[in-house]
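**Student:** The structure's right below; bear with me while I get my questions together.
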Amino acid sequence: MSPHVSPTPQQPRHAVVVGSGIGGLTAAVALHRRGLRVTVLERAASLEPVGAGIGLAPNSLRALDVLGLGDTVRDLAAWQGEGGMRAPNGRWLSRTDSAAAAERFGGPLVLLHRATLVDVLRAALPEGAVRTGAAASLIDAGEPGGRPALVRTDEGDIEADLVVGADGVRSGVRGVLFPEHPGPVYAGFTTWRVVVPAPVEPFAPHETWGRGRLWGTQPLKDGRIYAYGAARTPAGGRSADGEKAELLRRFGDWHHPVPQIIAAAEDDGVLRHDVFHLSTPLDTFHRGRTVLIGDAAHAMCPTMGQGGNQSIEDGVVLGHHLDPAADLGAALAAFTADRLPRTTGIVAKSAKIARLAMLDSAPGAAVRDAVLRLASLGPSALALRAFDGVCDWRPPQRTYAARTPVHQAQQA
């Protein structure tokens, strides 16, 4: 281990990002744009993310605008049109008006494959900044104004002026920083995800809620379909005859196009993951020279689709506070002050919606569906109101003007 040398204008601060997910790569790009030298350490052998889609809401797209990547992502993504929520028999519970969403939040939701977003973010980093096959563990969180942080890899120890823990819901960095925290807990349901060719018969994008089960079907720009399912079930379960067969048992009699989507899936192309979240919030996101972002800091249920969006926000806000000349301790404290209240509220709201979506009693589900139908008749649909204070967020930095009229109006 070489002795640590204080950064100078000729030798910028060195930031080590542990984890190359959406949040880690966003933070790396933001810090690189701020003039830091960035190293991203990824345990996996390659940056080939699990094949699934990600929905980007106006809040994260505005964050990406700060990095000059918002329009690139918009051009690669499918814009979600009319759709809504349905019952398993196909009855519409509520309709989604994309124009109303765009007017309310400054733009509609866009959907793209995670691999596409990873490619965009990685391309914004210097060659060699991302090291794959590099399992890393935090040895010392460091001390602002004092000793550097220390990260251990198989190739040796790395001293860092800043360590960003972006290593997911089971974060090893979080475990070192906050060993007293209880960690993630099972949310009570598991999820399945598939990407398949589009069925011949058209359909409207939708999310369908049943009793203790839900399904969503959404288009990607390349013509494929991203679909996901969720169901209440004990943690750790796996189907003896495969997850495609399990989906057919749980959703095979639901409305079009659900059975067709499942039928089009490859037997080994169905991804299954139990949902864990941080139901007990952290008291702070940083200690010493080390900070947590994304699922490592605030893992949440996927029912608001905000996990990846909040990770992107984290990375951009971290870059905002990490001015090269800023006091590191003060900068990390400001980051926590900005992000902890917001993400804690979204974690709690996502859990509340998950409990509603996963109601498995017949009377409870009937009341829920009736409320959804009535709410959709009002001047402002329940689905939109749920995202007030979430999708209308704006980054602290100046954003670049976008090309579409609605984004130009929002920048004015």
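FYI, it's all coordinate maths here, none of it is from the lab. Being a predicted model, the structure only gives us computed values, none of them experimental. As a convention, Cβ positions derive from the backbone with ideal geometry for all residues, glycine included, and neighbour counts pool all protein chains shown.
**Student:** For the range 11-119, give me the percentage of DSSP beta bridges that are antiparallel, rounded to the nearest 5 percent.
**Tutor:** Details: 10 of 15 bridges.
Around 65 percent antiparallel, to the nearest 5.
**Student:** Another question, if that's okay. In the chain, if every C-alpha pair distance is counted and binned at 10 Å from zero, what percent goes to each bin?
**Tutor:** 5, 22, 32, 25, 12, 4, 0
**Student:** Taking 0.36 nm per residue of separation and subtracting the Cα-Cα distance, what length does fully extending N89 through Q260 add?
**Tutor:** Details: separation 171, 0.36 × 171 = 61.56 nm, distance 1.48 nm.
Length gained, N89 through Q260: 60.1 nm.
**Student:** Expressed in nm to one decimal, what extension gain is obtained for the pair S137 and A44 from 0.36 nm per residue of sequence separation less their Cα-Cα distance?
**Tutor:** Details: separation 93, 0.36 × 93 = 33.48 nm, distance 1.40 nm.
Here the answer is 32.1 nm.
**Student:** Same structure again: Using amide H atoms built 1.01 Å from N in the peptide plane, name the residues 5+ places from R289, or on other chains, whose amide H lies under 5 Å from its own.
**Tutor:** G142, E143
**Student:** Let me ask something else about it. Which of the peptides 85-94, 28-37, 233-242, 54-63 is most tightly packed, and how do the rest follow, going by the mean number of other Cβ atoms within 10 Å of each residue? Could the numbers behind the result be given before it?
**Tutor:** Numbers: 85-94: 17.6, 28-37: 21.2, 233-242: 10.9, 54-63: 25.8.
Most protected by this proxy first, the peptides run 54-63, 28-37, 85-94, 233-242.
**Student:** By per-residue mean of other Cβ atoms within 10 Å, what is the highest-first order of 38-48, 101-111? Could the numbers behind the result be given before it?
**Tutor:** Working: 38-48: 17.6, 101-111: 20.9.
Going from most to least packed, we get 101-111, 38-48.
**Student:** Give the distance, in whole Å, between the Cα centre of the range 146-197 and the Cα centre of the range 232-286.
**Tutor:** Measuring centre to centre over Cα atoms gives 23 Å.
**Student:** Here's a follow-up. In whole Å, what are the extents of the range 184-249 along the principal axes defined by its C-alpha atoms, from largest to smallest?
**Tutor:** Computed over the range 184-249, the largest-to-smallest principal extents equal 36, 24, 23 Å.
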